[in-house]
1. Please give the length that would be gained between residue A:299 and residue A:115 if that part of the chain were fully extended, namely 0.36 nm times their separation in residues minus their C-alpha to C-alpha distance (nm, one decimal).
2. Along the charge dipole of chain B, Cβ charges K/R +1 and D/E -1, which of B:9, B:187, B:129 sits furthest on the positive end?
3. For each of A:790, A:621, count neighbouring Cβ atoms within 10 Å of the residue's Cβ, then give the residues from fewest to most.
4. With a point put 7 Å past each Cα toward its Cβ, work out how far residue A:864 is from residue A:720 in nm, to one decimal.
5. So if we plug the beta-carbon distance of residue B:7 and residue A:499 into 1/(1 + (r/R0)^6) with R0 = 60 Å, what FRET efficiency do we get, rounded to 0.05?
6. What distance in nm separates the simple spin-label points at residue A:60 and residue A:1034, each placed 7 Å from Cα in the Cβ direction?
7. To the nearest 20 debye, what is the magnitude of the charge dipole of the range A:995-1053 about its Cα centre, counting +1 on the Cβ of each Lys and Arg and -1 on the Cβ of each Asp and Glu?
8. When you look at the Cβ of every residue in A:474-484, what mean number of other chain Cβ atoms sits within 10 Å?
Amino acid sequence: MGVALTRATQWSAAGHGTRTLEVTPLNEAILTEIVMFVESFIYKHPQEAKYVFVEPLEWKTDLDPSAFGSGYIVSETTVNSEDVDKSGQPLLFLSVPQIKIRSFGQLSRFLFMAKSTKLTEAQACIEANRNPVAKILGLDYKVIDEISEDSSVLSILDKITKDDDPASETKMKIAMLLKQLDLHLLNHTLKHISLEIRLNPGTFKNDIELLKRFSGKGKQTVLEFIDYTSDYEFSNGCRAPPWRQLRGEICYVLVKPHDAEILCVTCSKGGVFLNGGKTDDEEEVNYERTGEIYKDLVTLLREKSAIFSENMSKQGFLHVRSCHLCTEKVRVSEGQQKEKDQPDETPRKTEDATLHKASTASHRSALESSRINLGKKQMTKRLEPSLNWKTTVDAKGKRSSVRDTQGGKHEGRLEKPRPSILPGIAQFRKSVQKVEDIISDSTSESEEDEEPSERRKEANADLPSEYWQIQKLVKYLKRGNQTATVIALCSMKDFKLAQETCQLAIRNVGGLEVLINLLETDEVKCQIGSLQILKEISHNPQIRRNIVELGGLPVMVNILDSPFKCLKCLAAETIANVAKFRRARRAVRRHGGITKLVALLDHEQNSTEPTYSSLYETKDVEVARCGALALWSCSKSNGNKEAIRKTGGIHLLAQLLKTSHENMLIPVVGTLQECASEENCRAAIKAERIIENLVKNLNSENEQLQEHCAMAIYQCAEDEETRHLMRRHGGLKPLASLLNETDNKERLAAVTGAIWKCSISKENATKFRKYKAIETLVGLLTDQPEEVLVNVVGALGECCQEQENRVIIRKCGGIQPLVKLLVGTNQALLVNVTKAVGACAVEPESMMIIDSLDAVRLLWSLLKSPHPEVKASAAWALCPCIQNAKDAGEMVRSFIGGLELVVSLLKSDNKEVLASVCAAITNIAKDQENLAIITDYGVVPLLSKIANTTDDKLRQHLAEAISRCCMWGRNREAFGEHRAVGLLVRYLKSNDANVHRATAQALYQLSEDADNCITMHENGAVKLLLDMIGSSDHDLQEAAAGCISNIRRLALAIDKARYPYNSNRHYKLPSITQHRTCHSHAQEP
Amino acid sequence: MEQRVLKKLVKSISSMVKSFKKSEIECLIRIFHSLVKRADVRLDNTGLDRNAFQAILHSVFGMTDDMLMNRVFFAFDKDNDNYINVKEWVKGLSVFLRGTFEEKLKFCFEVYCLNGDGYISREKIFDMLKNGLHQQSPEEATDERIKELVDIALNKMDYDNDGKISFSDFEKAVKEDRLLLEVFGPCFPEAKNCLDFEALAF
């Protein structure tokens, strides 16, 4: 606390001898902190509280002896504590008004008794005991000045190690506690000081000018008038007479609010307060302070005048001002309330950061930072006395000279200076701003503006030594000629550039701008060195962003045209590192980078191009490799994939794929794999006969290469021709053999993915069986990460399309693990698992196992999944289950609420879900009882409602479902009533034979109702059905013929009804009876 | 010049310099002779003197640093007679135009080493780097800065920590980082100028 007391507190400048503490907010804050510390001492450190001070703390107290209670021996003018030291002396002795206290315990109790006057007491105590630490701990611990500060700690430690009696141990503890308090106080005061530092002539001037603009007669104004007492302004911006400037006073203002008398206000560095006032007849102002100190003019006026406060908020003036204060030179014309509070937090955060730092840092660094705080403090202290304008000027001068040395690139950069470049400090501030989210962009360069960055710099004093060394090197980069620059660059390369500390250090000292700037020169060596560094540090995501922000990408893209191959390589490699995020990739494309990178791939042409032979040369293959590396990063954006394809990149990649350099192949295949996600690129890949080479590289030794090849195949094998190519080039066998290596999960995922997509073709599935891949896949169903599982299950699902494969899966015990996966949550996995289970269920024997595992219930519950794909897949899987299960009807009914759920899914708007549910309903409806139930749930109107579709898959399954549902009650009539019939007739115009058959069968069922026949006839079904009779599909033929005969018979019946000898006008009845007989006839042949 | 003499000269030089074809050597000799004449030298000498050579370095090869050109002259002038004869000319150019890495390494070291004591001392480095910073602050401060820069360079290249750079130090450092080849100033013409010269000469 010694340091805080000597340095931070503001002592009155009045005179010698007993100086007094001024009543300023800062001092008050410090006193409060001290009081809090002392008060809690007795609880927090009961042991140390008993420690007896070397010398008593002695001061004049206002406390009456009567205030002392139990534990004290009280007489009229003296008080003795009952606590005594070893020699019997009381630890507290009061002889009005002098008090002597000799332990923290007594101090605590004393302050407790002082109650409301504790602050005054503490103040008196500190005023009387200018060096309390020395009195408490003895002269050894006396704080002389800040330099001997750390040595005093050392001497304490020394002492402790020498003599180990318990007293000195407590002594040391107290010393440490006091030290902590001291640090705490310093940090605390820093907060105040940082707030105060804004109070300078400039801010007051601005405030007063602003207030003046809003003053005048009338209700809307904030004040009647505001003016200085003196028109004369000193060159330092102060208006107070020099002898008052000594006290930090800046100017005096006369203010007349609407609702109060004229106020005479003193504006000083320490704050704003009312003074004794200015008498009319005298020129002098009565300088004595008569009121409280406020932090600024507006706060004071708000306190004094209600109208001012009210009008201020109307004017939105406060906002203007607070912004103005905090972000210094930001001018915002209109107030926006929501932004009001934000700037205020900024300095605070910085403080918090420093505070945090101090508290967490080790003792040494804590000491160090306290010294820094001190440095800071001294500066502000220096600002306080009268000649303050001089010191500020000094400080400014110094600061600008600092900036000169750091931001020297304005003066002379090598050949091509970059005018747009920001000085290092500004960049630094930019990053600080970013962290603190300052909203304004319009900060202009000014002295105050530099302040936060300066401060941050000081706070960073405990940075590693690399920081300072790098800073030095960057200076050489800025100011050196080519030779010096190369030396600095080479030296910088020796730092551990892979470490974040170094990376950030380079950025924070403004190195990135210089490095990028160097790229724009003609000096090859500087370009090389700079790129070598950029390449390393751009592994850091933050640095990448900074490089893009500083416009590094276009420069590097330009270098791709350089005649020096090694420059091309380095630029491409750096781009590969930087282009890891979307904005960067887009920037590469926008500046024509993709074309140039693709050109790098063309190494045959490259070698014919004129190039400069030089020592730094690299092979053409290397150039191509770097190009591929950069393209790989870039190809993660869709726009770039297209650009690569358009500039002929796929062709060149295909050429490179024929080489056998592994480190070339990885980026090449990686790029191809990324590109393959685009339809157009896949076509190009197919055209370039790339599959062949991918297969070749599957046999490589390199795991990463295998992985990317498999990924590329996975993407490409969506296409049927590619799948056949895979088989023809013998790619299935290496895939199958890679399945056995399960350690590398990424590769396993890629390989299983490739197998999945390849096995979509049946021939491939057969091949896989030959290679025993099915068994291996079943083995992979357990203990694998989800990415692998999805692909494994997908592959099994596809392989199950083959009957023999299904048998293998059952025999290997694959059904149990599959069913277990039904309870997962991964959407993609569930889609594949349901498909695989459904495929297995086609086999009656497998179905028995599935049924015994209660998998149908699990499938059914997946119908409730939120993902439509899972729903559809589950519904499809249910179809074979219901088909092949024993007692399927009973089983379905046993799922409570299951049928209702299925019917309700018909309300979905996803076509795949609808089609699958229709298929499920077709199977459910085979059981009469279940059909009755779903009819009750309103299946007929729901099916009719979706009949108005053009999707052939849905049409087919819908028609099948309708024809099944006709089998119950008066459902046929119901479909007619819900206008499904007319829509169904339209299906006959579709091109899909499956739709024709299903529709004809549905129409045949529906035609047993006379009204439906009429509708069909009206919709022109007869002609369409007649065409169908000519089909080679027997089912279709039969259904079409049956339907036509039903319609025909009705027509006959109507004819008959017209004849007089048959007066029966109810034509329905004969038609039906007739139909029945005819129907039996029709079935006979 | 007589054809026979020329042939003989070409033959003797081509046994020394392998990187040029004979026809190329012939061209270089012709250029040398035309330069000698143009350089207006006294009759008794047989080569280019320092000023003439520096003028060539400047105008043909675009080199600018006077001090280094001077040093390059000494590196060319193997027999230290202050003139560059035709053999030295061809040999030097072979390093300039076709030099292998090792040759260039040696050449640079010779340029930087200057007085032939086999070391590049701290003082020599200081001399070579003293114009390395753009003038800005007062002389003294700049001198300090240069000294620091020399320290940085020594720190990087002086492997045996004897305060000076020996050839093995130099070789090791440059092999580690080729950028350090012309560490104390450009000794070679730029690649573009070389190509231009070759195009012109052959």
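Any read-out appearing in this document is the output of simple, stated calculations on the displayed coordinates, not a laboratory observation. These figures come from a predicted structure and were not determined experimentally. As a convention, Cβ positions derive from the backbone with ideal geometry for all residues, glycine included, and neighbour counts pool all protein chains shown.
1. On the way: separation 184, 0.36 × 184 = 66.24 nm, distance 2.94 nm.
Working it through step by step, the gained length comes to 63.3 nm.
2. Farthest towards the positive end: B:9.
3. Values: A:790 25, A:621 16.
Fewest-to-most Cβ neighbours within 10 Å comes out as A:621, A:790.
4. 4.0 nm
5. Values: r = 63 Å, r/R0 = 1.06.
After rounding, the FRET efficiency stands at 0.40.
6. Result: 12.7 nm between the two label points.
7. Numbers: 4 positive and 8 negative charges, 32 e Å.
The dipole of the range A:995-1053 has a size of about 160 debye.
8. Values: counts 0, 4, 7, 0, 2, 8, 7, 7, 5, 13, 12.
For peptide A:474-484, the averaged partner shielding equals 6.
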